[in-house]
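Here's the structure, in structure tokens; my notes come after.
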Amino acid sequence: MKAEETLQFMMDFYPELFPSRKHCLNHLFCTIGNGYDWRKGELVDKDCEFSKRYSLAQNIERAKPRDEEHYQMRMELEKEIRKQKGDSYQITPQNIKYNFEWSTPSKDYSYLYHYPKNIREDWLALLKECEQMLIEDGVIQGDGQKEGLEELQEEQSGGMRMV
């Protein structure tokens, strides 16, 4: 499945878990044991029977959640409420998806740092989008970091072998 189709699948079938691109990218590239494996240069879901028979009725250039504007507005509202309430703010089932936190990417295991040399172009673009978001959110360092994706890939012992 193409990279953008995978994101769209995640947001369409599991909107409570993946209400935004950021949630999807976090799961695919930062979360260890996410149920995906590299095969032929793309991440594929090992277990999901739906993804094997799912196909989009029309081609998409960029995956998009159903109600992105509403989600962004609610996220901003939750940030403001959290700021006002301070320590008394509580995460509940009703607001959990608006309180996003990155999984800390492991340099030893995360797909952000471990990807095949024959990674498909669309998957590399998603990986770089994820890296940029992590930099912007202060989770990893930006320019000049020795652990940049290309440098780390070169240092790895020949990269990952294809499955």
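The values are calculated or read from the model by the stated rules, or taken from the named source; none is laboratory data. These numbers come from a predicted model, not from an experiment. Here the Cβ is made from the backbone with ideal geometry for all residues, glycine too, and neighbour counts use every protein chain on show. Surface areas here come from the heavy atoms of the whole protein model, side chains and all, with no ligands, DNA or RNA. Shrake-Rupley method; radii C 1.70, N 1.55, O 1.52, S 1.80 Å.
Below is a table of values for the structure above.
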{"read-out": "Pairs, first closer than 21 Å to Asn26 by Cα and part of a loop (DSSP other than H, G, I, E, B) in the stretch 78-101, second open to solvent by less than 50 Å² (accessible area, probe 1.4 Å) and not aromatic (Phe, Trp, Tyr), C-beta under 6 Å, six or more apart", "value": "Ile91/Asn99; Asn95/Glu78"}
{"read-out": "Yes/no for Phe9 being surrounded by 15 or more Cβ atoms within 10 Å (Cβ to Cβ), in contact with a helix residue (DSSP H, G or I) (Cβ under 9 Å, 6 or more places away or on another chain), modelled with pLDDT under 95 and farther than 15 Å from Pro105 by Cβ", "value": "yes"}
{"read-out": "Check on Gly142, more than 12 Å from the chain's Cα centre (by Cα) and either touching a residue at least 40 places away in the same chain (Cβ under 8 Å) or in a loop (DSSP other than H, G, I, E, B) (or both)", "value": "yes"}
{"read-out": "Flag for Leu25 being modelled with pLDDT of 90 or more, in contact with a helix residue (DSSP H, G or I) (Cβ under 7 Å, 6 or more places away or on another chain) and assigned to a helix (DSSP H, G or I)", "value": "yes"}
{"read-out": "Restricting the stretch 63-106 to residues that are charged (D, E, K, R) and open to solvent by less than 80 Å² (accessible area, probe 1.4 Å), the residue that is nearest to Leu126 (Cα to Cα)", "value": "Glu68"}
{"read-out": "Test set (1) loosely packed, with under 12 Cβ neighbours inside 10 Å; (2) not in a helix (DSSP H, G or I) - Tyr109 fails condition number", "value": "(1)"}
{"read-out": "Residue list for the stretch 112-129, restricted to those being part of a helix (DSSP H, G or I) and either hydrophobic (A, V, I, L, M, F, W, C) or farther than 30 Å from Leu77 by Cα (or both)", "value": "Glu121, Asp122, Trp123, Leu124, Ala125, Leu126, Leu127"}
{"read-out": "Every pair of residues 6+ apart whose Cβ atoms lie under 9 Å, when the first sits in the stretch 12-38 and is crowded, with 22+ Cβ neighbours inside 10 Å while the second is assigned to a strand (DSSP E or B)", "value": "Leu28/Tyr36; Leu28/Leu43; Phe29/Leu43"}
{"read-out": "Extreme residue, least open to solvent (accessible area, probe 1.4 Å), among residues of the stretch 39-51 that are among the hydrophobic types (A, V, I, L, M, F, W, C) and farther than 20 Å from Leu134 by Cα", "value": "Cys48"}
{"read-out": "Glu68 being in contact (Cβ under 8 Å) with a residue 40 or more places away in the chain and under 14 Å from the mean Cα position of the chain (by Cα)", "value": "no"}
